[in-house]
Amino acid sequence: MFFRQEGLLDGLQVLDLTRLLPGPLCTMLMGDYGATVVKIEDIVSGDPTRAIGETIDGEGSFFWQLNRNKKSLALNLKAEHGKKIMRQLVAKCDVLVEGFRPGVLERLGLGYRDLSTLNPGLVYASISGYGQEGSYRERAGHDLNYTALTGLLDLSAAPGEAPVMPAVQIADIGAGSLGALGGIFMALYAREKSGRGCHIDVSMTRGLLPWLVYAAAAPPGDDPLPRRGCGHITGGYGCYNIYETADGKYMSLGALEPIFWQNFCNAVGRPEWVEKQFNQSAQEGLFEELKALFQEKTQDEWVKFFVHHEACCEPVLDLDAAAAHPLAREQDFWIEVARLEGPSQRQPGFPLLFSGFKGEVRLPPPRLGEHTGEILESLGYSRAEVKKLSKEGVVRETG
């Protein structure tokens with residue numbers, strides 16, 4: 001069906017009805033490891049990320065980051081024949097991922113209950129901000145709102161200061177993309193035993209709950225929740241913090257375990273600091289001494305210094321420096337995706353390593369409707385029928 005890829009997930013058929021970030025990243029990761037992924041897009045403009053960022057081969061650079069190893073079918077799901085084609089695809093697929101507001105696909109007759117009658121083994125994942133049920137189900141939201149409502153954002157601040165704007169999409173990726181990915185494979189495992197698929201309700205707000213396990217572990221009392229910048233790993237202790245260097249750059253000190261803190265103190269010639277590690281009354285003075293210490297050397301000098309000391313102290317790197325770091329080069333953290341014209345584009349590589357299998361770029365991100373004809377013909381449509389459907393506005397082809 002559609003097209004074949006060799007890999008860990010070879011044979012897994014995925015329909016991607018998602019747009020923007022959470023769903024496309026989830027399905028791209030499946031495609032990276034060999035799944036067959038067909039991206040179903042609106043016939044007019046397709047995924048909005050096609051217009052975001054620098055133009056690369058006619059598409060936005062953000063789209064390029066999220067849609068390698070997929071083929072594009074531009075399909076009008078409001079047209080009756082478009083729904084028919086969708087049902088034909090569903091009958092042969094394993095996984096469907098969608099990111100519409102709750103109720104949209106149900107109103108089109110393409111909800112889980114409708115489609116599972118055609119394919120009882122279908123694993124149907126719905127990614128939304130607040131879940132498929134409850135009073136917030138149709139409420140608009142974004143990553144910042146989800147982190148705000150769970151309490152996560154409030155914890156991301158120093159005492160007396162405003163919460164820090166996250167530099168990356170925590171809920172979208174951590175709860176949406178990766179949450180859906182985990183749920184899908186749990187459901188596929190269950191299907192191996194029962195033969196039946198299921199509907200997965202992926203709430204990007206609810207999916208942040210595992211991120212709060214440390215915060216929730218605070219002992220009960222009058223003030224049980226950890227407050228801003230007061231915990232062991234939230235800035236309350238000198239042994240686990242960020243310090244500016246002599247050249248205006250920064251080092252991350254993560255000497256949380258006593259052995260690493262002891263190593264650090266001995267390395268910098270301050271053994272008297274060892275006993276102050278978790279002495280709360282000593283933290284203010286310790287902070288000042290640590291700040292002064294790190295101002296004595298540049299970032300590069302500290303990096304060279306800690307090569308010979310196991311103290312969990314590493315440089316804070318910008319993105320270019322991180323991509324050029326030896327660890328990133330040794331383990332292929334970043335990959336280059338070839339373009340039709342011009343230089344290749346750098347993208348985050350494959351996050352998981354498996355014995356016997358590896359992630360691979362098999363296909364560049366597709367143009368809108370690039371594979372419409374190929375996919376419909378695999379379903380039995382003739383070339384003449386595809387052209388007729390294109391003229392009728394049911395599908396769109398890009399030559």
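Ordering 42, 16 by the number of other Cβ atoms within 10 Å of each residue's own Cβ, fewest first, gives 42, 16. 3J(HN,Hα) couplings calculated from phi for the range 289-301 with the Karplus curve 6.51 cos²θ - 1.76 cosθ + 1.60 (θ = phi - 60°) are, in sequence order, 5, 5, 4, 5, 4, 5, 6, 7, 9, 6, 4, 4, 5 Hz; Gly and Pro show x. Please check: in the Gaussian network model of the chain (C-alpha springs, under 10 Å), which one of 95, 337, 14 has the largest mean-square fluctuation. Among 95, 337, 14, the largest GNM mean-square fluctuation belongs to 337.
The slack in the chain from residue 256 to residue 336, taken as 0.36 nm per residue of separation less the alpha-carbon distance, amounts to 25.2 nm. For the pair the range 286-313 / the range 320-399, the C-alpha centres are spaced 43 Å from each other. Sorting the segments 72-78, 48-54, 20-26 by their mean number of nearby beta carbons within 10 angstrom, highest to lowest, gives 20-26, 72-78, 48-54. For residue 388 and residue 189, the FRET efficiency from 1/(1 + (r/R0)^6), where r spans their Cβ atoms and R0 equals 51 Å, is about 0.75. Amide H contacts of residue 56 (H built 1.01 Å from N, in plane; Pro and chain starts excluded): 61 sit under 5 Å, all sequence-distant by 5 or more or on other chains. In this structure the amide hydrogen of residue 39, modeled in the peptide plane, comes within under 5 Å of the amide hydrogens of 16, 71, 72, 73, none closer than 5 places in sequence on its chain.
Where is the GNM fluctuation largest for the chain (alpha-carbon springs, 10 angstrom cutoff): 202, 268, 361? Looking only at 202, 268, 361, the largest GNM fluctuation is found for 268. With both labels modelled 7 Å from their Cα along Cα-to-Cβ, the residue 138 to residue 378 distance reads 3.6 nm. Across the chain, the mean sequence separation of Cα contacts (distance under 8 Å, 6 or more residues apart), normalised by length, yields a relative contact order of 20 percent. For the range 174-191, the Karplus equation 6.51 cos²θ - 1.76 cosθ + 1.60, evaluated at θ = phi - 60°, returns couplings of x, 9, x, 5, 6, x, 5, 4, x, x, 4, 6, 5, 5, 5, 5, 5, 5 Hz by residue, with Gly and Pro reported as x. Fewest neighbouring Cβ atoms within 10 Å first, the residues 375, 200, 173 line up as 173, 200, 375. Here the Karplus curve 6.51 cos²θ - 1.76 cosθ + 1.60, taken at θ = phi - 60°, turns the phi angles of the range 91-106 into couplings of 4, 10, 9, 9, 9, 10, 10, 9, x, 6, 5, x, x, 4, 5, 4 Hz, with x standing for Gly and Pro. Suppose we keep just the DSSP beta bridges with both residues in the range 1-127; what percent of those would be antiparallel, to 5? So the antiparallel bridges amount to about 10 percent of the total. Enumerate the residues in the range 310-324 having an amide nitrogen under 14 Å from the point lying 7 Å beyond the Cα of residue 300 toward its Cβ. The answer is none. Cβ-to-Cβ counts within 10 Å put 186, 86 in ascending order as 186, 86, the fewest first.
Computed log10 I(q)/I(0) for the range 42-163 at 0.13, 0.15, 0.18, 0.21 Å⁻¹: -0.74, -0.92, -1.14, -1.27, from the Debye equation with unit scatterers placed on every C-alpha and solvent omitted. For the chain, the calculated P(r) over all alpha carbon pairs, in 20 Å bins from 0 to the bin holding the longest distance, is 23, 48, 25, 5, 0 percent. Listed by chain and number, the aspartates and glutamates whose alpha-carbon sits under 15 Å from that of residue 276, ignoring those within fewer than 8 places in the same chain, are 257, 284, 288, 289. A crude spin-label estimate for the pair residue 44 and residue 154, with each label 7 Å from Cα along the Cβ direction, gives 4.1 nm. What residues have an amide H closer than 5 Å to that of residue 313, excluding those fewer than 5 places away on the same chain, when H is modeled at 1.01 Å from N in the peptide plane? The list, which skips near neighbours in sequence, is 254.
Give me the base-10 log of I(q)/I(0) for the range 240-326 at each q in 0.16, 0.18 Å⁻¹, Debye formula, one uniform scatterer per Cα, rounded to two decimals. The Cα Debye sum returns log10 ratios of -0.61, -0.77.
Among DSSP beta bridges lying fully in the chain, give the percent that are antiparallel, nearest 5.
Antiparallel bridges: around 45 percent, rounded to the nearest 5.
Largest GNM mean-square fluctuation among 353, 15, 209, using the chain with Cα springs under 10 Å: 353.
A short reminder: the numbers here are calculations on the coordinates, not readings from a lab. Every value quoted in this text rests on a predicted model; they were computed, and no experiment measured them. Every residue, glycine among them, receives a Cβ derived from its backbone with ideal geometry; neighbour counts consider all protein chains shown.
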